[in-house]
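*Asks:* Can you read through this structure? Questions will come right after.
The values are calculated or read from the model by the stated rules, or taken from the named source; none is laboratory data. Keep in mind it's a predicted model, so treat the numbers as computed, not measured. All Cβ positions, glycine included, derive from the backbone under ideal geometry; neighbour counts span all protein chains shown.
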Amino acid sequence: MKSVEGSIKCADDAPKELLHKLHVEYLATYSSNPKHAMEKTISEYLRMSGAYWTLTGLRLLGAADRLDRSELLRFIGQCQTPAGGVAGSVGHDPHLLYTLSAVQICCMYDALDTLDVPRLVEYVAGLQRPDGSFQGDSWGEVDTRFSFCAIACLTLLNRLDAIDTAAAGEFVLSCHNWDGGFGSRPRSESHAGQMYCCLGALSLLGRLGELDADRTGWWLCERQLPAGGLNGRPEKLPDVCYSWWVLASLSILGRLHWIDEESVTRFILASQDGEDGGISDRPGDVCDPFHTLFGLAGLSLLGDRSLAPIDPVLCMPTETVRGRGVRPQVLT
Ligand code: GRG
Ligand code: ZN
């Protein structure tokens, strides 16, 4: 089997600077651009998260005014269901993933009155199970991603009192593996996306002190490949979105300097589309708003001062998070 090491390279003529203006145009016009009609149809079920990726990306670029605020808030209002949770699209079923995206957008727009907050809190709290875990919706799938979504939603709404936080923390800690990583459930394989969710949840619960931060940080910094990009688990390809899941996790642990910042920056910049804007998963691939946000967010964490600072736990502008009086725990 061919090793992934060295299989992905940044071409010499790949972009080396951040294409700020092109990304603003790409994100601001994504949903109205006929070129993306097919992707838009296929991703209809996650439109709410798409709106969060686009708005957050534009906030980092200082161009949030390019989106129609009232249209987006009207859409959110239409997606909150009688159960209190928020769906990915109008007429769909609610889920914690989209409920968090809706809360994040409303916080960025300072418009929480768009939502029926007491009912939303009841919905989130109702998804907690006796072992402290969270199911994503009424169908019952349990995953540490959903623990993060629930805890992040309630933190932003200042309603952590609605759940059993001690049990929620114990469940997340029970998903910590011998290799230093975290999985989706107890004894599941370590994965960088799950790592971000678990460290984010423990940060918001103020329980990072219970971890061996060196062992955890070591699993994370081993995700960097020779070309600079980061993968999500051993022997996998590098992907720009892991510049967020891994870098944010290292940042929460106060160990961002454990990776080579220059080569990961080069990898993200090489994944930009030099003609139409946007960032893809790796150099030469097709761009999408998901990788565009996480590429920009990674660059912001790495200190690009042309972008607004980002909070490593909530993946929202630091200004918004502080404005709500939220100070997630980070280790130094
Ligand atoms: C507020 C930023 C934010 C997130 C909300 C849903 C969520 C919380 C986090 C998702 C974390 C996660 C599990 C990310 C991984 C996404 C991803 C690229 C999955 C692909 O997995 P595989 O197995 O890919 O297809 P690999 O790279 O392992 O081959
Ligand atoms: Zn990806």
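*Asks:* Go through the range 112-151 and report how many residues are within 14 Å of ligand 1 (Cβ to nearest atom) and either among the charged types (D, E, K, R) or surrounded by fewer than 17 Cβ atoms within 10 Å (Cβ to Cβ) (or both).
*Replies:* 4
Condition check ((1) in contact with a Phe, Trp or Tyr (Cβ under 9 Å, 6 or more places away or on another chain); (2) surrounded by fewer than 19 Cβ atoms within 10 Å (Cβ to Cβ)) across all residues:
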site: Cys153; (1), (2): no, no
site: Phe171; (1), (2): yes, no
site: Gly181; (1), (2): yes, no
site: Ser188; (1), (2): yes, yes
site: Cys198; (1), (2): yes, no
site: Gly206; (1), (2): no, yes
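*Asks:* Kindly check whether there is at least one residue in the range 256-263 that is within 15 Å of ligand 2 (Cβ to nearest atom) and touching a Gly at 6+ places or on another chain (Cβ under 8 Å).
*Replies:* The initial filter retains those residues of the range 256-263 that are within 15 Å of ligand 2 (Cβ to nearest atom), namely none.
Within the range 256-263, not a single residue is within 15 Å of ligand 2 (Cβ to nearest atom) and touching a Gly at 6+ places or on another chain (Cβ under 8 Å).
*Asks:* Just one of Phe267, Phe294, Phe290 is among the hydrophobic types (A, V, I, L, M, F, W, C), within 24 Å of Ser190 (Cα to Cα) and over 17 Å from the mean Cα position of the chain (by Cα); which is it? Outline the logic, then answer.
*Replies:* Working: Phe294 fails: over 17 Å from the mean Cα position of the chain (by Cα); Phe290 fails: over 17 Å from the mean Cα position of the chain (by Cα).
From the options Phe267, Phe294, Phe290, the qualifying one is Phe267.
*Asks:* For the range 233-287, give me each residue that is more than 16 Å from ligand 1 (Cβ to nearest atom), more than 28 Å from Arg215 (Cα to Cα) and not in a loop (DSSP other than H, G, I, E, B).
*Replies:* Leu269, Ala270, Gln272
*Asks:* Turning to a different aspect of this structure: Which residue out of Asp276, Asp239 is within 24 Å of Ser31 (Cβ to Cβ) and surrounded by fewer than 19 Cβ atoms within 10 Å (Cβ to Cβ)?
*Replies:* Among Asp276, Asp239, only Asp276 is within 24 Å of Ser31 (Cβ to Cβ) and surrounded by fewer than 19 Cβ atoms within 10 Å (Cβ to Cβ).
*Asks:* Additional query: Could you tell me whether Arg223 is basic (Lys, Arg), surrounded by 19 or more Cβ atoms within 10 Å (Cβ to Cβ) and at pLDDT 95 or above?
*Replies:* Criteria met by Arg223.
*Asks:* Then there is this: Return only the number of the condition from (1) more than 16 Å from the chain's Cα centre (by Cα); (2) away from ligand 2 (no atom under 16 Å from the Cβ); (3) not in a helix (DSSP H, G or I); (4) not charged (D, E, K, R) that Trp219 does not satisfy.
*Replies:* Every listed condition holds for Trp219 apart from (3).
*Asks:* Restricting attention to the range 16-63, which residues are of a type in the set (A, V, I, L, M) and within 24 Å of Gly274 (Cβ to Cβ)?
*Replies:* Once the filter is applied, which keeps residues that are of a type in the set (A, V, I, L, M) and within 24 Å of Gly274 (Cβ to Cβ), the range 16-63 yields Leu18, Leu19, Leu22, Val24, Leu27, Ala28, Ala37, Met38, Leu58, Leu60, Leu61, Ala63.
*Asks:* Further, regarding this structure: I'd like the full set of residues that are in contact (Cβ under 8 Å) with a residue 24 or more places away in the chain, within 13 Å of ligand 1 (Cβ to nearest atom) and not β-branched (Val, Ile, Thr), limited to the range 301-332.
*Replies:* Leu301, Pro312, Leu314, Cys315, Met316, Pro317, Pro328
*Asks:* Related question: Can we say Ser243 is touching a strand residue (DSSP E or B) at 6+ places or on another chain (Cβ under 7 Å), touching a residue at least 40 places away in the same chain (Cβ under 8 Å) and within 12 Å of ligand 2 (Cβ to nearest atom)?
*Replies:* yes
*Asks:* Would you confirm whether or not the range 73-95 contains a residue that is in contact (Cβ under 8 Å) with a residue 12 or more places away in the chain, surrounded by fewer than 16 Cβ atoms within 10 Å (Cβ to Cβ) and of a type in the set (Ser, Thr, Tyr)?
*Replies:* No.
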